[in-house]
Amino acid sequence: MKAAVIVFPGSNCDRDLADAITKVTGRAPAMIWHRETDLPEGLDFIGIPGGFSYGDYLRSGAMAARSPVMQAVIKAAGQGRAVLGICNGFQVLTEAGLLPGALMRNAGLDFVCRDVTLTVETSQSIFTSRYAAGEQVTIPVAHHDGNYTADATTLDRLEGEGRIAFRYAEPVNGSARDIAGILSDAGNVLGMMPHPERLIEPEQGGTDGRRLFEAAMMALA
Amino acid sequence: MAAPMKITVTVTLKNGVLDPQGRAIESALKGLGFGGVEGARVGKIIELDVADGTTRETVEAMAKQLLANTVIENFRIDMP
């Protein structure tokens, strides 16, 4: 699997994501700086990491979504390349219009940083095929703006089309319908607030995140 | 050279979008003893200096493409 990780000023999970990809696939991703206008040829997988891109100026993910490299990512997503946005990466994907809705300040106003239990809502995606639908997994969150919001029509459509990938087993941040991660209509873009890249090896306290990368590798290699 | 034009773009949350910061402010004002506060909403003001002659359509495009997230926010443009 040929992968790239996008790096913005203020990204801070880019190396964790690169390590996760390297450990699971055996091949290190290209690290792509935000000013690049082109992506490497023949990419299968693009990761948008967590962090505080551009200092969260204006809105979380807003500046990154308009950066030069994101125009190339939007184009690649349109061509069916797999795109995974984690935490700030999810915020970037909604701001870029690759996923519907928006991520607002957590309902309790607190920065939430802890392990949370997620329910896998679908195994029918290139990212979740190694989980069972209905399975519960534990993956950490660390965010201030994870309160997913969309209008009722959009939420109904996401549910009806099986595009909710993960839900919080109990409320974490006020997110509509406890949504933790959603898929694009074509299924090749996943945005999620929890951090699967932080649970790849037992030394990290668990391996529930590993299967997400294994699934992508199986689908894309 | 013509002086730049001052434009103010006010970005507010749409009605119906929950505003936890506004709620916290409302509750804090009540806690300070200010009665009669029935709501508080937090938005932001962006002041732009643009070339004289910039059209409202251009500023609207700026607001739609970057300054406001129209999924959750409205904007108002005040220009001379």
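What number goes with the only condition from (1) exposed (fewer than 12 other Cβ atoms within 10 Å of the Cβ); (2) over 14 Å from the mean Cα position of the chain (by Cα) that B:Val37 does not pass?
(1)
Among the candidates A:Leu99, A:Leu93, A:Leu118, single out the residue that is closer than 30 Å to B:Gln21 by Cα, surrounded by 23 or more Cβ atoms within 10 Å (Cβ to Cβ), in contact with an Asp or Glu (Cβ under 9 Å, 6 or more places away or on another chain) and of a type in the set (A, V, I, L, M, F, W, C).
On the way: A:Leu99 fails: in contact with an Asp or Glu (Cβ under 9 Å, 6 or more places away or on another chain); A:Leu93 fails: in contact with an Asp or Glu (Cβ under 9 Å, 6 or more places away or on another chain).
The unique qualifying residue is A:Leu118.
Do the conditions hold for A:Glu95, that is, is it within 22 Å of A:Gly160 (Cα to Cα) and of a type outside the set (A, V, I, L, M, F, W, C)?
Working: within 22 Å of A:Gly160 (Cα to Cα): no; of a type outside the set (A, V, I, L, M, F, W, C): yes.
The answer is no for A:Glu95.
For segment A:194-221, enumerate the residues that are acidic (Asp, Glu) and out of contact with any helix residue (DSSP H, G or I) (no Cβ under 9 Å at 6 or more places or on another chain). Outline the logic, then answer.
Restricting attention to segment A:194-221, the residues satisfying the condition of being acidic (Asp, Glu) are A:197, A:201, A:203, A:208, A:214.
The answer is A:Glu203, and nothing else.
Just for segment A:109-130: of the residues that are hydrophobic (A, V, I, L, M, F, W, C) and assigned to a strand (DSSP E or B), which one is farthest from A:Val141 (Cα to Cα)? Break it down stepwise before answering.
Going through segment A:109-130, the residues hydrophobic (A, V, I, L, M, F, W, C) turn out to be A:109, A:111-113, A:116, A:118, A:120, A:126-127.
Cutting the leftovers down to assigned to a strand (DSSP E or B) gives us A:112-113, A:116, A:118, A:120.
Values: A:Val112: 7, A:Cys113: 5, A:Val116: 7, A:Leu118: 11, A:Val120: 15 Å.
So, considering only residues that are hydrophobic (A, V, I, L, M, F, W, C) and assigned to a strand (DSSP E or B), the one farthest from A:Val141 (Cα to Cα) is A:Val120.
For B:Arg76, indicate whether it is among the basic types (Lys, Arg) and surrounded by fewer than 14 Cβ atoms within 10 Å (Cβ to Cβ). Break it down into steps so the answer makes sense when it comes.
On the way: among the basic types (Lys, Arg): yes; surrounded by fewer than 14 Cβ atoms within 10 Å (Cβ to Cβ): yes.
Judged against the criteria, B:Arg76 is a match.
For A:Thr37, work out the one condition from (1) modelled with pLDDT of 95 or more; (2) in contact with a Lys or Arg (Cβ under 8 Å, 6 or more places away or on another chain) it doesn't fulfil.
Status for A:Thr37: all satisfied but (2).
Restricting segment B:55-73 to residues that are surrounded by fewer than 16 Cβ atoms within 10 Å (Cβ to Cβ) and not basic (Lys, Arg), which is nearest to the other protein chains (Cβ to nearest Cβ)? I'd like the intermediate steps shown before the answer.
Restricting attention to segment B:55-73, the residues satisfying the condition of being surrounded by fewer than 16 Cβ atoms within 10 Å (Cβ to Cβ) are B:55-58, B:60-61, B:64-65, B:70.
Those still in the list that are not basic (Lys, Arg) too: B:55, B:57-58, B:60-61, B:65, B:70.
On the way: B:Thr55: 21, B:Glu57: 19, B:Thr58: 16, B:Glu60: 17, B:Ala61: 13, B:Gln65: 7, B:Thr70: 10 Å.
So, considering only residues that are surrounded by fewer than 16 Cβ atoms within 10 Å (Cβ to Cβ) and not basic (Lys, Arg), the one nearest to the other protein chains (Cβ to nearest Cβ) is B:Gln65.
State whether the residues of segment A:67-77 include one that is among the polar types (S, T, N, Q), touching a residue at least 24 places away in the same chain (Cβ under 8 Å) and under 14 Å from A:Val189 (Cα atoms). Break it down into steps so the answer makes sense when it comes.
So in segment A:67-77, the residues among the polar types (S, T, N, Q) come out as A:67, A:71.
Checking the rest, the ones that are also touching a residue at least 24 places away in the same chain (Cβ under 8 Å) come to A:67, A:71.
Still in the running and under 14 Å from A:Val189 (Cα atoms): none.
No, there is no match, as no residue in segment A:67-77 is among the polar types (S, T, N, Q), touching a residue at least 24 places away in the same chain (Cβ under 8 Å) and under 14 Å from A:Val189 (Cα atoms).
I'd like to check which helices (runs of 4 or more DSSP H) are fully inside segment A:40-97 and have at least 2 residues that are away from chain B (no Cβ under 14 Å).
Ranges flagged: A:68-78, A:88-95.
Name every residue in segment A:155-170 that is within 25 Å of B:Leu13 (Cβ to Cβ) and more than 19 Å from the chain's Cα centre (by Cα), in order of residue number.
Listed by number, the residues that qualify are A:Asp156, A:Arg157.
Consider only pairs whose beta carbons are under 6 Å apart and that are at least six residues apart or on different chains; among these, list those whose first residue lies in segment A:24-45 and is in contact (Cβ under 8 Å) with a residue 60 or more places away in the chain and whose second residue is assigned to a loop (DSSP other than H, G, I, E, B) and not hydroxyl-bearing (Ser, Thr, Tyr).
Going by the 6 Å Cβ cut-off, the qualifying pairs are A:Thr25/A:Met1; A:Asp44/A:Met1; A:Asp44/A:Lys2; A:Phe45/A:Met1.
Pairs only if they're at least six apart or on different chains, beta carbon under 6 angstrom, first in segment A:209-221 and under 13 Å from A:Lys2 (Cα atoms), second at pLDDT below 95; list them, first residue then second.
A:Met217/A:Met1; A:Leu220/A:Met1; A:Ala221/A:Met1
Name the single residue, out of those in segment A:164-221 being part of a loop (DSSP other than H, G, I, E, B) and among the hydroxyl-bearing types (Ser, Thr, Tyr), that is farthest from A:Arg105 (Cα to Cα).
Start the filter on segment A:164-221 by keeping residues that are part of a loop (DSSP other than H, G, I, E, B), which leaves A:169-175, A:184-188, A:193-195, A:199-201, A:205-209, A:221.
So of that shortlist, the ones also among the hydroxyl-bearing types (Ser, Thr, Tyr) come out as A:175, A:184, A:207.
On the way: A:Ser175: 10, A:Ser184: 22, A:Thr207: 29 Å.
Per the stated criteria, the residue is A:Thr207.
Regarding segment A:103-118, can at least one residue be identified that is within 14 Å of chain B (Cβ to nearest Cβ), in contact with a helix residue (DSSP H, G or I) (Cβ under 7 Å, 6 or more places away or on another chain) and free of Cβ contacts under 8 Å to residues at least 60 places away in the same chain?
Within segment A:103-118, one or more residues are within 14 Å of chain B (Cβ to nearest Cβ), in contact with a helix residue (DSSP H, G or I) (Cβ under 7 Å, 6 or more places away or on another chain) and free of Cβ contacts under 8 Å to residues at least 60 places away in the same chain.
Return yes when A:Gln124 is away from every other protein chain (no Cβ under 14 Å), without any contact (Cβ under 8 Å) to a residue 12 or more places away in the chain, surrounded by fewer than 24 Cβ atoms within 10 Å (Cβ to Cβ) and over 16 Å from the mean Cα position of the chain (by Cα) and no when it is not.
On the way: away from every other protein chain (no Cβ under 14 Å): yes; without any contact (Cβ under 8 Å) to a residue 12 or more places away in the chain: no; surrounded by fewer than 24 Cβ atoms within 10 Å (Cβ to Cβ): yes; over 16 Å from the mean Cα position of the chain (by Cα): yes.
Spelling it out, it is not the case that A:Gln124 is away from every other protein chain (no Cβ under 14 Å), without any contact (Cβ under 8 Å) to a residue 12 or more places away in the chain, surrounded by fewer than 24 Cβ atoms within 10 Å (Cβ to Cβ) and over 16 Å from the mean Cα position of the chain (by Cα).
The values are calculated or read from the model by the stated rules, or taken from the named source; none is laboratory data. Not measured: the values here are computed from a predicted model. Reconstructed Cβ throughout: ideal geometry from the backbone, glycine too, with neighbour counts over all protein chains shown.
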